[in-house]
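One structure below.
Values quoted throughout were computed directly from the atomic coordinates according to the rules given, and no laboratory measurement underlies them. This is a predicted model, so every value here is computed, not measured. Cβ placement follows ideal geometry from the backbone for every residue including glycine, while neighbour counts extend to all protein chains displayed.
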Amino acid sequence: MNPAIRSRREIVFTAASSGIAALLIPGGRTAHSRFGLPFIIDECSTCNVKPYTPLAQLVVQARLVICDEAPMMHKFFFEALDRSFRDVTKEMDKRNKYIPFGGKVIVFGGDFRQILPVIRKGTRPKVVHATINSYLVDRLYLSLYINLCRWWRK
């Protein structure tokens, strides 16, 4: 997806939860570096993407945002990204204030059965509550069921 969209000279943000994962993505950076997230994040945190800044303009123009290793990130990261994207894109269209992630297409990658977010002294319920699944339960999300590599070769 990333090279195909960039070949059309459109903007794609790629971010990962860790530096090692970011190194494996072309143009990838950590989510904290890409969106200016604080390292200690809570339910009120936002990204350091202020309206009318160069980064905000890139967010508005972005066609796609890819978050690799998403299951490792705390749900507060996605809430902060959602709040920030809505804030930045509502200047373009007031309806974006009510659309998840300001209407941007977000692809969450990673193995959702593998690694959970790290919660200090976290009990099982606290860890489950911190997962991305607890944030996306009430929202629309799509799962891919077709092996696209095989489909593209035909």
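The table that follows gives values for the structure above.
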| read-out | value |
| --- | --- |
| Simple spin-label estimate for N147 and Y52 in nanometres, 7 Å along Cα-Cβ | 5.3 |
| Phi to ³J(HN,Hα) by Karplus 6.51 cos²θ - 1.76 cosθ + 1.60 over the stretch 99-108, Hz, x for Gly, Pro | 9, x, 6, x, x, 6, 7, 10, 10, 9 |
| Net lengthening on full extension, V107/S7 (0.36 nm per residue, minus Cα-Cα) | 34.2 nm |
| Length-normalised contact order for the stretch 2-153 - Cα pairs under 8 Å, 6+ apart - percent | 21 |
| Amide hydrogen neighbours beyond the local backbone of L64, cut-off 5 Å, H modeled | F13 |
| Per-bin percent of Cα-Cα distances, the stretch 2-153 [10 Å] | 10, 38, 37, 13, 1 |
| Set of lysines with alpha-carbon distance to K75 below 27 Å, sequence-local pairs under 8 removed | K50, K90, K94, K97, K104, K121, K126 |
| In sequence order, calculated HN-Hα J values of the stretch 123-131 (Karplus, 6.51, -1.76, 1.60; Hz; x Gly/Pro) | 7, 4, x, 5, 5, 4, 5, 8, 6 |
| Inter-label distance, nm, simple model (7 Å from Cα along the C-beta direction), I99/I25 | 2.2 |
| All-pairs Cα distance distribution in the stretch 63-103, expressed in whole percent, bin size 5 Å | 6, 25, 26, 23, 13, 6, 1 |
